[in-house]
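Data first, discussion second: the structure below is written as C-alpha cells.
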Amino acid sequence: MQAWLWAGFVVLVLAMLALDLGVFHRHARQVSFREALAWTGFWFLLAMLFNIAVYYLYEHHLLGIGEHIGHELDGGQAALQFLTGYLIEKSLSLDNIFVIAVIFNYFKVPLAYQHRVLFWGILGALVMRGLMIGVGAALIQHFDWTVYVFGGLLLFTAAKMLVTREESLDPDQNVFVKLARKLYPVTPGFQQDHFLTRLHGRRAITPLMLVLIVVESTDVLFAVDSIPAIFAITTDPFLVFTSNVFAILGLRSLYFALASLMEQLRYLKISLVFVLAFVGVKMLISHHYPISTGVSLAVIGGILAVAVLASVLGMRREDAAAVSKELGILTVQTLKAAWQLVIAVIGGTVLLIGISMIVLPGPAVLVIPLGLAILATEFAWARRFLHRVKARVFGGGQTGSGSNPPPAG
C-alpha cells in the first residue's frame with residue numbers, strides 16, 4: 001500500500017515541476033528578486049502544508065506508513081522529524097547556492113538562461129538523491145556501524161568547507177566536462193537556451209550543456225554531505241526523501257533571491273560548518289547519548305539565526321564606521337580561541353568514542369585516528385601523536401622518533 005503513497009508524491013512533484021517550467025517559466029527570461037522571493041515563500045508554504053499531511057498520515061498510520069522502521073512513529077514525531085530534516089537540507093543547500101553562483105559567473109551564463117539550467121539540474125538531483133537515500137537507508141538498517149562512518153564524513157566535510165574557497169573552483173577541470181568535450185564538439189557561444197544543437201552537420205553541445213554537467217556533478221558531492229545529515233534526524237525513508245525533495249524544489253527560487261545578497265550574508269557559510277559539525281557529533285554519539293529531534297531543531301535553528309543576525313549587524317557596523325584596529329585584533333583572537341574550543345570539544349568527543357570502541361562494538365581503528373586528525377588541525381600535541389600513530393601503522397612498527405615533529409601551530 002505504501003507504493004501508492006510514494007507514487008502519488010512523485011506524481012505531485014512532477015506535476016509541480018511541469019507547471020513551473022511549462023507555464024510560469026515557459027520562455028527564457030530573467031527572474032526578478034521580487035518574483036524569486038514570492039516563489040521561495042510558495043515552496044516553503046507548500047512544504048509546511050505537506051508537513052501537516054505528514055502528521056495525519058503517521059498519526060493514523062494511513063497505508064501502513066511509519067510502522068516498518070524499527071518502531072512506530074506518531075504524527076507529532078514524524079512532523080517534527082520532517083521539519084528538522086527540511087531545515088537541515090535547506091540550510092545545506094545554501095552551500096549549493098554559493099557554488100552555483102561561481103559556476104554561472106565562470107561560464108558567464110546570461111540571467112535569462114539560468115532558470116532553465118537550475119530546473120534540469122534539480123530534476124537530475126531528485127533522481128540521484130532518491131537512489132542515494134535508498135542505499136543509505138539499506139546500509140544503516142543492516143550495519144549499525146554505518147552511522148559512525150556518516151558522522152565522520154560530516155565532520156570531515158565541515159573541516160574541508162572551512163578551508164575551501166569557491167573562488168578556487170575550476171569547472172573546466174571537471175572530469176565530466178572533459179569527457180563531454182571529447183565526445184561532442186562545443187559551440188563557441190550560447191545558442192539561446194538550448195543544450196543541444198548541430199555544428200557543421202554534427203550533433204554538438206552548447207556551453208549551457210557544460211554548465212548543466214558541472215551543476216549536476218557538483219550536486220552529487222553535495223548529496224554525499226546532505227544525505228548522511230538527514231539520517232541523523234530520521235531513518236524513515238519516506239521522511240528522508242520528502243524533506244530532501246522539498247528543500248531542493250525551492251533551491252532555484254532561493255538562488256535568485258539570495259544571489260545578489262551573497263556578500264552581505266557573509267556568515268551564512270561559516271554557520272554551515274557548525275551545522276555539519278553538530279550533526280556529525282550527533283551521529284557519532286547517537287548509540288550512547290542520543291540527542292532528541294526537538295533539541296536538534298533548536299540548535300540548528302539557533303546556529304542559522306545567529307549567522308543571519310551577525311551578518312546584518314556586520315553590515316550596519318561597516319556602514320556606520322570602520323572597526324578599530326585594536327577591536328579587530330581582539331575579535332580575531334577571541335574567534336580563534338572559540339574555534340580551538342570547538343575543535344577540542346569535537347575532536348575530544350570523537351577520540352573518546354573511538355577509545356570506548358576498544359571494548360564496545362565499533363570501528364575503533366578508524367574513529368581514533370579521525371579524532372586525532374580533528375584535534376591536529378589546531379593542537380601540536382595531537383599532530384605529533386598522529387604522526388607517531390601513522391609511523392607505527394605504516395612504518396613497520398617504527399615510532400618515527402628520529403624524525404622532526406610538525407611545528408606547533
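The values are calculated or read from the model by the stated rules, or taken from the named source; none is laboratory data. These figures come from a predicted structure and were not determined experimentally. Methodologically, a virtual Cβ is constructed for each residue, glycine included, from the backbone with ideal geometry; neighbour enumeration extends over all protein chains shown.
Could you please give the count of residues in region 75-108 that are of a type in the set (Gly, Ala, Ser) and surrounded by fewer than 19 Cβ atoms within 10 Å (Cβ to Cβ)?
Initial filter on region 75-108 (of a type in the set (Gly, Ala, Ser)): 75-76, 78-79, 85, 91, 93, 101.
Narrowing further to those that are surrounded by fewer than 19 Cβ atoms within 10 Å (Cβ to Cβ): 75-76, 101.
Matching residues across region 75-108 total 3.
Note down all Cβ pairs under 6 Å where the first residue falls in region 181-207 and is touching a residue at least 60 places away in the same chain (Cβ under 8 Å), the second is assigned to a strand (DSSP E or B), and they're at least six residues apart or on different chains.
none
Going by what's in this entry, would Leu327 be described as modelled with pLDDT under 70, assigned to a helix (DSSP H, G or I) and among the hydrophobic types (A, V, I, L, M, F, W, C)? Working first, answer last.
Numbers: modelled with pLDDT under 70: yes; assigned to a helix (DSSP H, G or I): yes; among the hydrophobic types (A, V, I, L, M, F, W, C): yes.
Yes; evaluated as a whole, the condition is true for this residue.
Among (1) touching a Lys or Arg at 6+ places or on another chain (Cβ under 6 Å); (2) buried (at least 16 other Cβ atoms within 10 Å of the Cβ), which single condition is Ala112 missing?
For Ala112, the exception is condition (2).
Need at least 2 residues that are buried (at least 21 other Cβ atoms within 10 Å of the Cβ) per element, so show me which helices (runs of 4 or more DSSP H) inside region 152-257 make the cut, counting only ones lying wholly within it.
Details: elements: 175-183, 207-231, 237-249.
Fully inside region 152-257 and qualifying: 207-231, 237-249.
Evaluate region 66-73: report whether one residue or more is at pLDDT 85 or above and either at positive phi or assigned by TED's automatic domain parsing to the domain that holds Ala158 (or both). Step through it out loud before you land on a result.
The first filter runs over region 66-73 and keeps only residues at pLDDT 85 or above, leaving none.
No, region 66-73 contains no residue that is at pLDDT 85 or above and either at positive phi or assigned by TED's automatic domain parsing to the domain that holds Ala158 (or both).
Mind counting the residues in region 113-139 that are over 19 Å from the mean Cα position of the chain (by Cα) and farther than 15 Å from Leu212 by Cα?
2
Mind listing whichever residues of region 93-111 are within 16 Å of Arg252 (Cβ to Cβ) and in a helix (DSSP H, G or I)?
Result: Ser93, Leu94, Asp95, Asn96, Ile97, Phe98, Val99, Ile100, Ala101, Ile103, Phe104, Leu111.
Table: residues versus (1) at pLDDT 85 or above; (2) outside any helix (DSSP H, G or I); (3) in contact with a strand residue (DSSP E or B) (Cβ under 9 Å, 6 or more places away or on another chain).
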| position | (1), (2), (3) |
| --- | --- |
| Leu14 | no, no, no |
| Leu21 | no, no, no |
| Ala28 | no, yes, no |
| Arg34 | no, no, no |
| Trp39 | no, no, no |
| Phe50 | yes, no, no |
| Leu57 | yes, no, no |
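Taking region 190-207, which residues are in contact with a Pro (Cβ under 8 Å, 6 or more places away or on another chain) and more than 20 Å from Trp120 (Cβ to Cβ)? Don't jump to the end; show me each part of the working.
Keep residues of region 190-207 that are in contact with a Pro (Cβ under 8 Å, 6 or more places away or on another chain), which gives 190, 199-200, 202, 204-205.
Result: Leu199, His200, Arg202.
Quick one: how many residues across region 270-307 are of a type in the set (Val, Ile, Thr), more than 18 Å from the chain's Cα centre (by Cα) and either part of a helix (DSSP H, G or I) or crowded, with 20+ Cβ neighbours inside 10 Å (or both)? Walk me through it before giving the result.
Step one: of region 270-307, the residues of a type in the set (Val, Ile, Thr) are 270, 273, 275, 279, 281, 285, 291, 293, 295, 299-300, 303, 306.
From what is left, the residues that are more than 18 Å from the chain's Cα centre (by Cα) are 285, 291, 293, 295, 306.
Those left that are additionally either part of a helix (DSSP H, G or I) or crowded, with 20+ Cβ neighbours inside 10 Å (or both): 293, 295, 306.
Result for region 270-307: 3.
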